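The structure appears right after this line, and notes come after that.
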Amino acid sequence: ASEYSADLLFYQTISIAFVVISFTSMYVGFLVSSRKAEKIIDKQHETYVELETAKARAETENKQKSQFLANISHELRTPLNAIIGFSEIIKDEVMGELHNEQYKAYVRDIHSSGVHLLSLINDILDYSKAEAGKLELEYEDIDLNKLIASCLRLQEPRAKSADVILEKELPSEHIIIHSDAKRIKQVLLNLLSNAVKFTPQKGTVKVSTWTNFKDNTISMEVRDSG
């Protein structure tokens, strides 16, 4: 009986020691894991704070940039409008004839360059307004066929100079949409200008439009061989 009691005591001691060691190991492991988790959380928090700070800085810089572009654009428009106005008077010979053909050519170049520069400045203003969420659209009924034809006419000189053929594929019936004519024209002219620019000689730039009767939408496509 004494031997049985001694064996039982021995096994109880071993079991208790095993439990204590296991619990201690688990506790130590839990502490280590907790410490690692805390470090990871702290690191993630630091990264989040850095990203938020960088985001706020970028937004501030972007607002300042947009405001600068808007201010400088307004400042440039005043003298530019004067250049365009006076060159138009000279070009149309309102105050008298220009007898030198070279002068006439120079005035036409000054006027066309001024008009082009003004359009670029207006684009910058539109960009600034769009970034600030203040760009307002002017909706009206637009004949899409006529608008496309007008854009193609404006691109004809550049296309001829680049030896690129302009084509159109429009439906026989006129498509009327309710939108902002200026913005659509701006988008289409940019697409056509890029298409002509990157199309090789003898290539083609084609504008197509069609109505999707299933979902009652209108599609417009500018395709080039460049």
Summed side-chain charge close to Val32 - residues other than Val32 whose Cβ falls under 12 Å, Lys, Arg +1, Asp, Glu -1: +2
Cα-centre dipole for the chain with unit charges at Cβ (Lys and Arg positive, Asp and Glu negative), debye to 20: 400 debye
Radius 15 Å from Cβ of Ile90, net charge of other residues (Lys, Arg +1; Asp, Glu -1): -3
Mean separation of Cα contacts under 8 Å (6+ apart) over length of the stretch 127-226, as relative contact order %: 29 percent
HN-Hα J in Hz across the stretch 189-197 - Karplus 6.51, -1.76, 1.60, θ = phi - 60°, x for Gly and Pro: 5, 5, 5, 5, 4, 5, 5, 5, 4
Loop-resident sites, the stretch 153-226, for chymotrypsin sites (Phe, Trp or Tyr not before Pro), counting at most 16 other Cβ within 10 Å (DSSP): Phe198, Phe213
Environment charge at Val207 (Cβ cut-off 11 Å; Lys +1, Arg +1, Asp -1, Glu -1): -1
Accessible area expressed per residue, the stretch 132-222, with surrounding protein chains retained (probe 1.4 Å, Å²): 66 Å²
Whichever aspartates and glutamates have a C-alpha closer than 16 Å to that of Lys197, once near sequence neighbours (fewer than 8 apart) are set aside: Glu156, Asp163, Glu167, Asp224
Inter-site label distance for Leu189 and Asp42 at 7 Å from Cα along Cβ, in nm: 6.0 nm
Heavy-atom accessible surface of the chain: percent carbon and sulfur, 1.4 Å: 59 percent
Helix 101-131 vs. the chain, principal-axis angle (Cα, 0 to 90°, nearest 10): 30 degrees
Rh (Kirkwood; distinct C-alpha pairs) - the stretch 89-219, Å: 17.6 Å
Average Cα contact separation per residue, the chain, under 8 Å, 6 or more apart, as relative contact order %: 14 percent
Under 22 Å from the Cα of Lys91 - lysines, other chains or at least 8 residues apart: Lys104
Top positive-direction residue, dipole computed over the chain with Cβ charges, set Pro200, Leu154, Ser172: Pro200
Among 64-72, 171-179, the order from most to least packed when residues are scored by Cβ within 10 Å on average: 64-72, 171-179
1.4 Å probe accessible area per residue over the stretch 1-128, in Å²: 82 Å²
Top positive-direction residue, dipole computed over the chain with Cβ charges, set Val187, Thr53, Ile110: Ile110
Calculated [θ] (222 nm, deg cm²/dmol) that DSSP helices of n ≥ 4 give over the chain, each run adding -39,500 (n - 2.57): -25500 deg cm²/dmol
Arg57 accessible area, 1.4 Å probe, all protein chains in place, Å² to nearest 10: 130 Å²
For Arg153, solvent-accessible area (1.4 Å; no DNA, RNA or ligand), Å²: 140 Å²
Among 36-45, 185-194, 158-167, the order from most to least packed when residues are scored by Cβ within 10 Å on average: 185-194, 158-167, 36-45
Sparse-neighbourhood loop sites, chymotrypsin sites (Phe, Trp or Tyr not before Pro) in the stretch 95-129 - DSSP loop, at most 14 other Cβ within 10 angstrom: none
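The values are calculated or read from the model by the stated rules, or taken from the named source; none is laboratory data. Quick caveat: nothing in here was measured; it's all calculated off a predicted structure. Ideal geometry is used to build each Cβ from the backbone, glycine not excepted, and the neighbour counts take in all protein chains shown. To get the accessible areas, we keep the full protein, side chains included, count just its heavy atoms, and leave off ligands, DNA and RNA. Shrake-Rupley method; radii C 1.70, N 1.55, O 1.52, S 1.80 Å.
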